[in-house]
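Quick notes on the structure that follows.
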Amino acid sequence: MDRMLIGPKREGVEPIELRVNGKDYVTYTDKTLLRFLRDDLKITSVKDGCSQGACGTCTVLVGDQRKASCTVKLSKVASEVLTVDGLSQREKDAFVYAFGEAGAVQCGFCTPGMVMSGAAVLRANPDPSEEEIKEGIKSNICRCTGYVKIIKGIKMAADILNGKCQLENTDDNNRVGSRLLRLDSDDKVLGQGEFCDDMDMEGLTYGSAIRSKYPRARILSLDISKAAALDGVVGVLTAKDVPNNKVGHIQQDWDVFIEEGQITRSEGDAICLVVAKTPEILEAAKKLVEIDYEELETVSSIEEARQPDAPKVHPNGNLCQQRHVSRGNAEEAFKKCKYVVENHYKTPFTEHAFLEPECALAHPYKEGVKIYTSDQSVYDTQKETLIMFGWQEHPERVVVENKLVGGGFGGKEDVSVQHLAALAAYKFQVPVKIKLTRDESLKFHPKRHAMEGRFKLGCDEEGNFLAMECEINFDTGAYASLCGPVLERACTHSVGPYHYENTDIRGFGYYTNNPPAGAFRGFGVCQSNFAIESNINLLAEKVGISPWEIRYKNAIRPGEVLPNGQIADSSTALIETLDAIKDVYEQNKGHVGIACAMKNVGVGVGLPDKGRARVVVDGDSIHIFCAASGMGQGVRTVLSQIAGETLGLDQHHVIVEMPNTETSPDSGTSSGSRQTLISGEAVRKACELLKDALQDQTMEALDGQEFFYEYFDPTDPLTSTKPNPVSHITYGFATHVVVLDDDGLITDVYAAHDSGQIVNPTMIEGQVEGGVVMGLGYALTEDFKLDRSKVKAKFANLGLFKANQVPCIHSIFVKRNELLDLAYGAKGIGEISTIPIAAAVQGAYYALDGVLRTEFPMKDTAYSKPKKVFNHEVK
C-alpha cells in the first residue's frame, strides 16, 4: 500500500503510520494529531481553539470515537482519522442542510468540531434523543449560539440520514422578515471558510511575544542576543524598534513593548517580539531571551487602587475615568419616598471565551503593510496601527482586511496581535503571522469589568419610583481600553427602562495590575442592571405588590420621559414585553424571577456615529462594500436582506464584500448593537439611490456605477442642557423570566424582546439564545480566577455553560405598529439579549429560598454545589 511520507525519514526512529480521510501517511516525527493535520496535511477545517483539550474545536473521529486532536499523539492513533472533510457526501449534505436550516451556525469557529461530535453521536445511535445529543456534545464549547440550534441541527441531520426528513428547498426569499440562510453557513459547516490562522503565504514567518513573568515588575535587563543569533530567526523587536510605543482604543496608554528599566502593568505585557522562519525555531528562540526582573508590589483590587499610598499603575495615578450623571434632585425626592432599598453589589471579571484566539497575518504592501485580521473594526485596527507607526497623515499605508471572525463579544475591539504583525512585517519586509495561545489570550485581552457598587432606589406608597442614587466602581485593570464609554453606559443605564427623573449617579474606573477590562456584550449594563433590578424586587416586597406589577407600573411607554430626559420614541414596546410573559410569571410564582432592561442602539451621547455603504453595479448583480465586521451575528446576511427588500434582488445577486479599508467605507465598530440599524440604513439608502436610477435605465446600462450613502443622525452629549436631550437614536427593550424547579435547576427561560422589525427570525433567535446562555453563566458559574493579579484561569475552569446544562429557551418578539423609519424599523439585539437574564436568575432564587444574593457567581445554588449532576430533562 502506498503511503505518503510526511517530513524527513529519521534513521533509528520507528515510523508512525496512520490513515486520514481515506489516505495513508507515514511520518517519523511524533506530535499532536492537531498539528499534524493542520501543519503537515493543511487540513484547516480542524480548528485550534485552545490546544488544551478544553474547547472541542479540534474534534475529529478516531474510528467512531470523538477525540480532541490537540491531546492525541500520532503514536497513539490506532484507527482511521476522520475530519469533516472525510465524512461521506451524504453526511456532509445532511449536516450542511440541517445546520443551515436550524440556524446552528454563527461565528463558525466551533462548527466543524460540533459536526464531528454530532457525527459520532449519530454513528453510535442513528436516532438519538435530545438528551443524548446534549451529552454527546458536552465537551464542545459554543459561545455564540447557546447550543439550542446546534442540538436541533444534529437532530435534523439524524432525521435526514434516517429518511424521516427530506432535503427541501430552503427559504431563499432575500427580503426583510425571511428566514434566509446565512451567506456563509455552508462554508462554515464544512470548515472551508477562512480564518486568519488558516491562511498561508509564500515565505511566511511566525512571531510571538515574550510576556511579563509578573503582573508588576521592573525590567532590569533584557538580552536578546542569543535568540537573535539562532539560525532561522528573522529578528527580535523591542521598544527601541517602535516609532511610537503607545497604542490604545481611546486613550493611548498601552505600551507596545515594556522598555528596559520600565515597570510592567500586567502579565499580558509584551517585552519583545521574536520572529522566526518556523514555529519550532520560534519556540526555541523564545527560550533564549534573557530577562532580569525586580518583582514589585501589585495593586490588585479597587480598594487597593483607591488608597492614597498605593503604587501608581500609571504616572497620573490609579483613577482612569469618572462620570457623574444626574437629573432632577434625588436627595429631595428620597425625602418623599415611602420605601427605600439600598444594597451593595459585586460582580467579577469575566472572560469573553470566544473560540478563536487572536490571530493576524501582515505583509509588506505598497508603501506600508497590509493586515489580515480577526477583529470588530478594520478601521479601529488601522487607526491604532497608524498611531504606532506615526503615520496618521498617511492612512493608506496601513490596509486592513477582515477574515472570518471567530467570536468577539467586545473582546476583539482593541488591537492585540495586529500591530505587532504589522511592525514585524514592515521592519523585516516579510509576511508574518502572530497568534496568541489560549493562555496568552486569557492574560492579554480586556475582560468584562469587575464591579463594586452601592445602589439606592425609592418609591411612593403605591410603588411609583421617585428617586435613584448610586456609586459604581469598576476595575479597569492595567489599561484603559474602553473604560470611559463602558463606565458611562453602566451609569446611564443603571436607572432601568422606567419613568422617573430624580437620579444622582457617580461612576469611577480604577487602574490595577489585573488584566485589562473593556468592552463585553452588555457594555457595563450587565453589572448595573443586576443591581437595580434586584432592588426593584425588594421594593415590590415592601409595597406589597409582585415584581411583575411594580415593573409594569413604572415601565416606560411611548411619549414618556426616560430618567435621562429623552422622550421614549413611538417604537418603544417595553409594556408589550411585560404583557408577553405575564401568564408564565403568574403560573410559576415562588419559582420565578423577572427582570427588564433597555440598551442603546448606536454610540450616541453626542459622538459622531456614521453608517456608510457603497453599492457597485456588476451586470445583473450588486456588490455591497461596508466595513461592518461580522463576528457571528450575521451582519452580512442582514445587509443582503435589506438590499434585497429595497431592490427586489435575490441573494445570489447581492454580494456583500468582506470589510477592507481600501474598498469598504468606514461604518463604525461592530459594537453598541449598532450595525443592523446604522449600517443597515446606509445600505438601504444607497440601494434607494440605485433604485431611483433604475427608473429610466437598466442594470446593464448602469454596470460599473457606484452609489454611496452616509447615514448620520446626531445625538446630544451627556452635558446637554436641552429639556429633553436625545442621548441615543433609539433603544431596544426586553423582559426575561427564569423558572426554577424545586431543586433550583432552571427549567425554562422566557426572553421577550422589542427589537423592532425582525430582519431574520432564525438569526435573531440565535442571538437571544446565545445571549441568554452567556448571562446564565455570568450569574451562576463563570469565575475568572486571579491571585494577586496573576491569572490562574484556564479555558477549562472558566465555568462556561455546556450543552447539557442549557434549559428550554423561549424567544418572544414583540413590536408596535409605529416603527422607526430607519433600516425598515429594525433595532439591534446583540447586547440586550444578555443583560437582564442574570438579574432574573437572582430574582428566581430569591423567590425560591428568600436569600438575597448580591454577588456573582451566585453561591449556594444548584449550579454551585459540588458533584451536582447538571444533565436534566426539560419538559
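Read-outs: derived from the displayed coordinates by stated rules, not from any lab. Computed from a predicted model, the values in this text were never measured in an experiment. Glycine gets a Cβ as well: all are built from the backbone with ideal geometry, and neighbour counts include every protein chain shown.
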Inset, instruction - First measure r as the distance between the Cβ atoms of Asn173 and Ser221, then evaluate 1/(1 + (r/R0)^6) with R0 = 60 Å and state the FRET efficiency to the nearest 0.05. - result: 0.35
Inset, instruction - Please give the contour-minus-distance gain from Leu204 to Asp583: 0.36 nm per residue of separation, less the Cα-Cα distance, rounded to one decimal in nm. - result: 130.4 nm
Inset, instruction - Please give the net charge around Ala595, taking every other residue with its beta carbon less than 11 angstrom from that of Ala595, where Lys and Arg add +1 and Asp and Glu add -1. - result: 0
Legend entry - Within the stretch 81-180, GluC sites (Glu not before Pro) in DSSP loop having at most 11 other beta-carbon neighbours inside 10 Å: Glu168
Legend entry - ³J(HN,Hα) computed for each position of the stretch 635-646 - Karplus, 6.51 cos²θ - 1.76 cosθ + 1.60, integer Hz, glycine/proline x: 5, 5, 5, 4, 5, 4, 5, 5, 5, x, 4, 6
Inset, instruction - Sum -39500 (n - 2.57) across every DSSP H segment of at least 4 residues in the chain, then divide by the residue count to get the 222 nm mean residue ellipticity, nearest 500. - result: -7500 deg cm²/dmol
Inset, instruction - Restricting to the stretch 4-193, compute how many DSSP beta bridges are antiparallel as a %, nearest 5. - result: 75 percent
Legend entry - Cα→Cβ-extended label distance, 7 Å offset, between Arg816 and Asn343, nm: 3.1 nm
Legend entry - For the stretch 1-145, alpha-carbon Rg over 2.2 N^0.38 Å: 1.08
Legend entry - Inter-part distance where the stretch 104-130 and the stretch 380-447 are each reduced to a Cα centre, Å: 33 Å
Legend entry - Least to most buried among Arg448, Arg557, Arg438 (fewest other Cβ within 10 Å first): Arg557, Arg438, Arg448
Legend entry - ³J(HN,Hα), Karplus 6.51/-1.76/1.60, whole Hz, each residue of the stretch 657-673, x for Gly, Pro: 6, 5, x, 7, 5, 7, 10, 9, x, 5, 10, x, 6, 6, 7, x, 6
Inset, instruction - Take every DSSP beta bridge whose two residues both sit in the chain, then give the antiparallel share in percent to the nearest 5. - result: 75 percent
Inset, instruction - Rounded to whole Hz and in sequence order, give me ³J(HN,Hα) for the stretch 281-298 from the Karplus expression 6.51 cos²θ - 1.76 cosθ + 1.60, θ = phi - 60°, writing x for Gly and Pro. - result: 5, 4, 5, 5, 5, 4, 6, 8, 6, 10, 10, 10, 10, 10, 5, 10, 5, 9
Inset, instruction - Would you please give the FRET efficiency between Ala124 and Arg788, computed as 1/(1 + (r/R0)^6) with r the Cβ-Cβ distance and R0 = 45 Å, to the nearest 0.05? - result: 0.45
Inset, instruction - Please compute the net charge surrounding Glu700, taking Lys and Arg as +1 and Asp and Glu as -1 over other residues with Cβ under 13 Å from its Cβ. - result: -3
Inset, instruction - Taking the Cβ of Gly619 as the centre, find all other residues whose Cβ is under 10 Å away and add up their charges (Lys, Arg: +1; Asp, Glu: -1). - result: -4
Legend entry - Spin-label pair Asp93/Asp618, simplified geometry with 7 Å Cα→Cβ offset, distance in nm: 3.0 nm
Legend entry - DSSP-assigned coil residues among GluC sites (Glu not before Pro) in the stretch 525-574, each with at most 15 further Cβ atoms within 10 Å: Glu560
Inset, instruction - Would you please classify the overall shape of the stretch 611-711 from the alpha carbon gyration tensor, given that a ≥ b ≥ c denote the square roots of the eigenvalues, rounded means a/c under 1.5, and beyond that prolate means a/b larger than b/c while oblate covers the rest? - result: prolate
